[in-house]
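Attaching a single structure in structure tokens format; questions to follow.
The values are calculated or read from the model by the stated rules, or taken from the named source; none is laboratory data. Model, not experiment: these values are computed from the prediction. Here the Cβ is made from the backbone with ideal geometry for all residues, glycine too, and neighbour counts use every protein chain on show. The area values use the complete protein model at the heavy-atom level, side chains included, leaving out ligands, DNA and RNA. Shrake-Rupley method; radii C 1.70, N 1.55, O 1.52, S 1.80 Å.
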Amino acid sequence: MIFATTLLASLLLVAAAKPTRRTMAVHETRAEPARGFVNSGPAPAAKELTLRIAIKPNNIAGLETALYAVSEPASAQYGQHLTAEEVAEFVKPTDESLSAVTEWLSENGITSTAVTPAGDILQIVIPVAKANDLLSSEFSVFTHVDTGATSIRTLEYSIPASLQAHVDFFHPTTSFTRPLTSPKFTAIKKRDTPAADAAPVSDAVPASCGTTITPTCLQAIYNIPTTAATQSTNKLGVSGFIEQFANSADLKEFLTNFRTDISSSTTFTLQTLDGGVNTQTRADAGIEANLDTQYTIGIATGVPITFISVGENNADGVDGFMDIITALIKEATGTRPNVLTTSYGFDESDLSRSVANLMPTSTLCNAYMQLGALGTSILFSSGDGGVSGSQSQTCTTFIPTLPSDCPFVTSVGATGGITETAATFSSGGFSNYFAIPSYQSADVASYLTTLGTTNSGKFNRTGRGFPDVSAQGENFEIAWDDELGTVDGTSCSSPTFAAIVALLNDQLVAAGKAPLGFLNPFLYSATGRAALNDITTGDNPGCNTNGFSATAGWDPVTGLGTPNFALLKTAIGL
Ligand SMILES: *[C@@H]1O[C@H](CO)[C@@H](O)[C@H](O)[C@H]1NC(C)=O
């Protein structure tokens, strides 16, 4: 009885406390849905929405300074990565911001939970009708025409004007994510015996590498050792999304064919979040997941590989891209991977500017800043559409890809051929969201000078240039669904480069040194670039243009160039 009375009393209190409406201000707006989506009508009023509220970090500029201090080889603090507590100190909201937001929520009878360790991102679950009332929004069902996939978004929302100084954004609201894609597989005749080119590596690159790339080819082309890594704490993480499963039987078949010198039972550790799984039905194997696990395990010999399968139960509005980083930030040093490779991405314009933007807004790119400060190297494939974005598509202006163009990640483009030239699909260009980071400002200026007026008006001359580096990305032979075949894409390039970084880290850790962490300041330094093969031929057409051309020095097709393990090892002082 007492309980019932108390409950009734507090319900009345809530009802009585219904606030007078605050002055609202439009916080984010976009004229139309992202390309490929149509509005299919209002979202059902009673449908529960999970919304995230990003509150402004108290000192993101301080974190950026700290990140560069531990990532620039010339800095006294080089390699002295931050602890999770130190990162959280920069990222947590001020008490003032936090209480401004939580007071407004409680006025509206809404409770929130923090989803990040620093407490800068809160989550609330409310019905569509309540969200529309709270945010003066019109949450609607948007259908992706090509696939029929639906998502609930609004083209505009408002928050109380008094909160604008405290809140970065509500999400998912005005950002769209097109269904992620994976490379196409071209079957080739099944081999009965181990591949003829799976011979011990020598200085000479086997001629077969001109038509089909195997781990042996990459070892020869990039001077990668075949000897096993020794450090069990030096992990390499492979991101998995969209129910792409990494298949162990296919991996065994791959190793049996292409790494006859190591155990064919070598495998990965599985990590899951957001309801992710890794179903082993062979027919359900994912091309991308198989490619990424086979080429990290196949090249980073002996490095512990973690396949991180992010499920569909993600509430971050970016297909779990934010959740995977939050999960890694929460992990202890020694458990957290020193390298993370991701072969998925979006067109920049699909994501709302504030969700992706660097400053003052906090978000995806800031999450990479945090993980980088903790000592993880983050690599992304640059995309497969040349200057037309993540995939080949019609366009009038060039489409940059995200997260690859976040300044705190290393974007990896693609090359092909034994005498390497840019792969035509290698996405590259200049961001409309992120300004040019200082580590590449001289390179971008010099490239733009050489470029002159070519492609004028089709790209942003003040944006961050990408990719940063490149690696082979054509005709990679993989095992998939019990068949051998080839795949193309920067999806091949990112795991390749990541595997090399992981092998370098193994030797650093063995020598009692810190792992490389955020790579770009090192890669763009005089010593870093001298350890890369500058690619000077080829271009990346798209949008009815020839795109950009590879040139001497950095270019927005192949970046600074492709890796040379032996030279990189010397460049990092080993
Ligand atoms: C070009 O890039 C800069 C730097 O990120 C940005 O501030 C500006 O808004 C961009 N311009 C357009 C038209 O997107």
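What tally of residues in the range 387-399 results from selecting those that are within 22 Å of Pro495 (Cβ to Cβ), open to solvent by 10 Å² or more (accessible area, probe 1.4 Å) and either within 12 Å of the ligand (Cβ to nearest atom) or touching a strand residue (DSSP E or B) at 6+ places or on another chain (Cβ under 8 Å) (or both)? Steps first, please.
The initial filter retains those residues of the range 387-399 that are within 22 Å of Pro495 (Cβ to Cβ), namely 389-392.
When the remaining residues are screened for being open to solvent by 10 Å² or more (accessible area, probe 1.4 Å), the result is 390-392.
Those left that are additionally either within 12 Å of the ligand (Cβ to nearest atom) or touching a strand residue (DSSP E or B) at 6+ places or on another chain (Cβ under 8 Å) (or both): 390, 392.
Going through the range 387-399 one residue at a time, the tally reaches 2.
Would you list the strands (runs of 3 or more DSSP E) that sit entirely within the range 222-319 and hold 2 or more residues that are surrounded by fewer than 17 Cβ atoms within 10 Å (Cβ to Cβ)?
Details: elements: 236-240, 269-273, 305-310.
Here the list reads 269-273.
Restricting to the range 400-433, name every residue that is open to solvent by 20 Å² or more (accessible area, probe 1.4 Å), touching a Ser or Thr at 6+ places or on another chain (Cβ under 6 Å) and within 16 Å of the ligand (Cβ to nearest atom).
Passing the criteria: none in range.
Can you list the strands (runs of 3 or more DSSP E) lying wholly within the range 439-536 that have 2 or more residues being open to solvent by less than 10 Å² (accessible area, probe 1.4 Å), more than 28 Å from Ser232 (Cα to Cα) and within 16 Å of the ligand (Cβ to nearest atom)?
Passing ranges, in order: 463-466.
Residues that are at pLDDT 90 or above and under 26 Å from Thr396 (Cβ atoms): does the range 326-344 have at least one?
Yes, the range 326-344 contains at least one residue that is at pLDDT 90 or above and under 26 Å from Thr396 (Cβ atoms).
Further question on the same structure: List every residue pair whose Cβ atoms lie under 8 Å apart, where the two residues are 6 or more positions apart in sequence or sit on different chains, the first residue falls within the range 446-466 and is of a type in the set (A, V, I, L, M), and the second residue, located anywhere, is more than 13 Å from the ligand (Cβ to nearest atom) and open to solvent by less than 80 Å² (accessible area, probe 1.4 Å).
That search, which allows pairs on different chains as well, returns Leu451/Phe548.
How many of the residues making up the range 33-80 are free of Cβ contacts under 8 Å to residues at least 60 places away in the same chain and within 16 Å of Val91 (Cα to Cα)?
4
Let me ask you something else. Confirm whether Gly553 is more than 16 Å from the ligand (Cβ to nearest atom), surrounded by fewer than 21 Cβ atoms within 10 Å (Cβ to Cβ), part of a strand (DSSP E or B) and not polar (S, T, N, Q).
On the way: more than 16 Å from the ligand (Cβ to nearest atom): yes; surrounded by fewer than 21 Cβ atoms within 10 Å (Cβ to Cβ): yes; part of a strand (DSSP E or B): no; not polar (S, T, N, Q): yes.
No: the conditions fail for Gly553.
Ok, one more. State all residues of the range 61-104 that are open to solvent by less than 20 Å² (accessible area, probe 1.4 Å), touching a helix residue (DSSP H, G or I) at 6+ places or on another chain (Cβ under 7 Å) and under 14 Å from Val167 (Cα atoms); if no residue qualifies, say none.
Val91, Val101, Trp104
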